[in-house]
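Structure first, then comments.
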Amino acid sequence: MTSVLIDSVNVRFGDFEALRNISLNIDSGTFVTLLGPSGCGKTTLLKTIAGFTPLSSGKMLIGGKETHNLPPEKRDTAMCFQSYALFPHLSVANNLLFGPKQKKLSKQDQATRLQDIASQVSLTSQLDKFPPELSGGQQQRVALGRALAIQPGIMLFDEPLSNLDAKLRDSVRFEIRQLQKQQGFTAIYVTHDQAEALAMSDIVVVMNKGAIEQIGSPNDIYHRPINRFVADFVGAANILPAQVLEQHGNLYRVQTALGQLQVQSDQAPIAKQTYIFWRPEDMCFDGANASPNGQDNIFESRIIAKTFLGNITECLLDPLPHSHDDANTTLACDKKPSIRIQNLGFQRAEEGEQVLIRVPSSNIRFLAEAF
Amino acid sequence: MNKPCTNRLITLLVIGFCCISLVLPFSLAMLWSLVDPGHPWSYPHILPPVLSLQRWVDIWTTTSLPQALLHSYLLAPCVALCSVLLALPTAYAFGRLEFPGKQAAQLISLLPLIVPSFVVALFFSSLLNVLGIYSRFLGILIGQTVLFIPYAIRILSVSFSLIRQEIIDATRDLGGGPITVFKTAYLPVLKPGLLASIIMIFILSIEEFAIAFVVGSPDFVTVPTILYSYLGYNFIRSNAAVVSLILVVPNIFLMLLMERFLKARNTAVITGKG
């Protein structure tokens with residue numbers, strides 16, 4: 001329905017640079033998540049798209065139209081606020097109809113629109129109540145319905161689920177995604193919750209300190225992060241500085257604080273001294289029965305802490321010095337890294353125990369960041 | 001002490017306080033105003049010997065009280081309206097904007113409250129002569145407006161600060177222009193403040209003496225100037241009682257009205273956050 005083009009946008013508040021050189025192309029009908037820690041500028045970016053915050057420089061097109069001097073009320077956007085921002089003095093029905101009334105819809109169209117929206121967000125029985133009489137989840141649905149009622153080309157979500165409890169969050173998350181697929185609007189969704197971002201989006205935009213770190217599909221962002229920030233912010237990660245020693249085809253031998261490791265990568269490292277990373281679930285305890293092709297990394301570790309979370313067991317490992325390690329210890333940092341491992345189900349290993357850990361070389365990746 | 005007992009004690013204390021501070025003076029004023037001119041109420045009579053409405057009739061027919069009432073009740077709404085209208089921009093700035101020197105400006109805007117109104121009145125009357133404003137009504141109107149603006153500013157800047165930015169944003173986001181924004185985001189929150197300041201200044205203006213006396217006397221009378229003429233050295237307690245009752249009773253109704261409006265509207269201000 002509506003695409004957004006953001007071209008080298010900067011936003012400054014006095015001396016503070018809230019957004020630095022943001023360029024982003026959002027295709028119509030996609031679900032885009034702006035993900036980042038608090039204060040990274042994701043909400044500011046959302047507000048510039050809505051028209052509440054003026055650009056300091058750069059340009060922005062919504063649906064091919066230059067947005068300069070276009071006030072929020074004239075933009076094809078509707079926002080779902082974090083605090084819901086419902087009109088407390090208006091009934092649920094009047095809240096939902098607020099947008100259509102501004103658009104001067106006929107009485108009959110308003111009535112049908114109200115019925116449609118109320119059933120979509122399952123509020124048909126609450127229409128006569130006032131916002132303060134509703135539960136948090138219901139208020140959230142009024143906010144969603146109120147924005148949907150103007151049938152915008154772009155829906156903007158500002159952490160809409162942060163005031164809901166965990167169970168409700170999961171179901172509303174699913175509902176929003178379903179609605180977006182049905183109606184086909186473009187969605188721009190701000191969150192600091194990486195699970196939410198991965199679960200809902202077509203495209204995830206990871207932001208940090210007012211700039212974009214990486215744009216990609218959830219799979220890309222999770223499995224092929226470009227730097228330490230993205231790797232660490234999206235999910236848990238084991239990140240080690242590594243020095244590339246030699247290369248055989250797509251197999252690299254690197255020196256790390258854990259000793260020498262093998263990395264199987266189609267992408268060449270960007271420098272001799274770079275970072276490698278792998279996810280906690282990409283390694284396992286079964287070091288003893290490693291595959292015979294010799295491409296697995298095996299090292300001995302002591303378990304410092306163990307947490308059983310039901311579906312997985314998470315352990316914090318203290319890697320033990322490699323027995324047949326060469327004396328090349330330039331990278332054996334003064335601080336030995338601790339490693340996180342997550343395996344499915346209940347794991348028998350106990351705290352204090354020494355175990356053999358296996359990391360398949362194809363599970364380790366280079367980050368596009370040198371040191 | 002158990003809870004019901006404490007509650008009862010507090011209730012009794014409150015009732016006792018009300019009796020001493022409100023009911024007693026009022027009923028005494030009532031009694032004094034009904035004392036018959038021919039039969040004075042003096043020691044050893046516990047109650048006035050003869051009750052009549054003669055004092056009320058006398059005052060109504062012999063003094064310029066009807067005219068004073070007209071003046072007072074014409075002045076008060078004008079003063080209230082002018083003060084509130086003039087206070088709105090300042091209150092908006094105090095409540096919704098950030099600017100250097102805001103604290104100092106807020107303090108200065110309250111200064112007129114601490115200057116005795118007679119001091120203001122004396123200098124103000126000569127200022128009016130210099131400015132060439134000879135209309136008594138206009139003079140008192142300007143003087144009282146100056147005197148009461150701080151109240152309006154104080155009340156309305158609190159109201160303005162209670163307006164939530166997201167509600168304004170949401171209104172605009174859903175397609176509302178400036179007028180809709182004012183009606184949806186501003187007015188519901190401002191309404192109690194507007195009513196409170198209008199009623200409060202109305203009451204203050206009706207009771208104001210200094211400026212009305214200094215600027216208005218001798219030919220422009222208001223209810224307080226008549227009341228004060230019965231105090232001082234030609235003090236007649238019964239007549240003063242009549243005038244003070246005329247002065248005070250409408251104000252009590254206005255006060256009750258204000259209470260009601262404030263209570264009815266407050267829910268809309270506080271709630272609405274999930």
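Observations, loosely collected:
- Across the stretch B:159-200, the relative contact order, built from alpha-carbon pairs under 8 Å that are at least six residues apart, equals 49 percent.
- Residue exposure sequence - A:Trp278, B:Trp60 - by fewest surrounding Cβ within 10 Å: B:Trp60, A:Trp278
- Relative contact order for chain B, counting Cα pairs under 8 Å that sit 6 or more residues apart, in percent: 26 percent
- Residue among B:Thr11, B:Thr222, B:Thr184 with the largest mean-square fluctuation in a Gaussian network model of chain B, springs linking Cα atoms under 10 Å: B:Thr11
- Average other protein chain Cβ within 10 Å of Cβ, residues A:150-159: 1
- Neighbouring Cβ atoms from other chains, within 10 Å of the Cβ of residues in B:181-194, number 1 on average.
- Ordered by the number of other Cβ atoms lying within 10 Å of each residue's own Cβ, fewest first, B:Val50, A:Val4 fall into the sequence B:Val50, A:Val4.
- Once the Cα atoms are used to define both axes, helix A:107-120 deviates from the longest principal axis of chain A by about 30 degrees.
- Given R0 = 56 Å, the distance between the Cβ atoms of B:Val50 and B:Val130 translates into a calculated FRET efficiency of 0.55.
- Average Cα contact separation per residue, chain A, under 8 Å, 6 or more apart, as relative contact order %: 16 percent
- Top of A:Ser119, A:Ser83, A:Ser23 by mean-square fluctuation, Gaussian network on chain A, Cα under 10 Å: A:Ser119
- Axial C-alpha extent at least 18 Å, average Kyte-Doolittle at least -0.5 - helices from chain B (DSSP): B:3-18, B:65-96, B:117-131, B:136-162, B:187-207, B:237-270
- Overall form of chain A per C-alpha gyration tensor (a/c, 1.5; a/b vs b/c): prolate
- Multiplying the residue separation of A:Glu353 and A:Thr307 by 0.36 nm and subtracting their alpha-carbon distance yields 15.1 nm.
- With a simple spin-label model that places each label point 7 Å from the Cα along the Cα-to-Cβ direction, the separation between B:Ser42 and A:Asp193 comes to 8.6 nm.
- Annotation: extensible slack from A:Asp165 through A:Leu344 equals 61.9 nm (criterion: 0.36 nm per residue apart, minus Cα-Cα distance).
- Global form of the protein assembly as shown, assessed from the alpha-carbon gyration tensor, a/c cut-off 1.5: prolate
- Among A:Tyr275, A:Tyr222, A:Tyr252: highest mean-square fluctuation, GNM of chain A, C-alpha pairs under 10 Å: A:Tyr252
- Förster radius 22 Å - calculated FRET efficiency between B:Glu259 and B:Thr11, Cβ distance, rounded to 0.05: 0.65
- Gyration tensor (alpha-carbon) shape descriptor, chain B, a/c threshold 1.5: oblate
- Take each peptide in A:153-159, A:13-19, count the other Cβ atoms within 10 Å of every residue, and average; sorted highest first, the result is A:153-159, A:13-19.
- Cα-based helix-to-principal-axis angle, A:136-148 vs chain A, degrees rounded to 10: 70 degrees
- Shielding value for A:83-93 is 6, the average number of Cβ atoms from other chains within 10 Å of each residue's Cβ.
- Cross-link reach list, lysines versus B:Lys102, counting only Cα pairs under 26 Å and skipping chain neighbours closer than eight places: B:Lys191
- Computed from the C-beta positions of A:Asp27 and A:Lys101 and an R0 of 35 Å, the FRET efficiency is 0.65 to the nearest 0.05.
- Residue pairs, from the table A:Lys59/A:Lys209; A:Lys65/A:Lys101; A:Lys65/A:Lys129; A:Lys107/A:Lys167; A:Lys272/A:Lys306; A:Lys74/A:Lys167, whose Cα atoms sit over 29 Å apart: A:Lys65/A:Lys129; A:Lys107/A:Lys167; A:Lys272/A:Lys306; A:Lys74/A:Lys167
- With Cα atoms, 0 to 90° folded angle of helix A:166-183 axis to chain A main axis: 60 degrees
We did not get these values from a lab; they are worked out from the coordinates using the rules stated. Here the structure is a predicted model, which means the values were calculated and not measured. Here the Cβ is made from the backbone with ideal geometry for all residues, glycine too, and neighbour counts use every protein chain on show.
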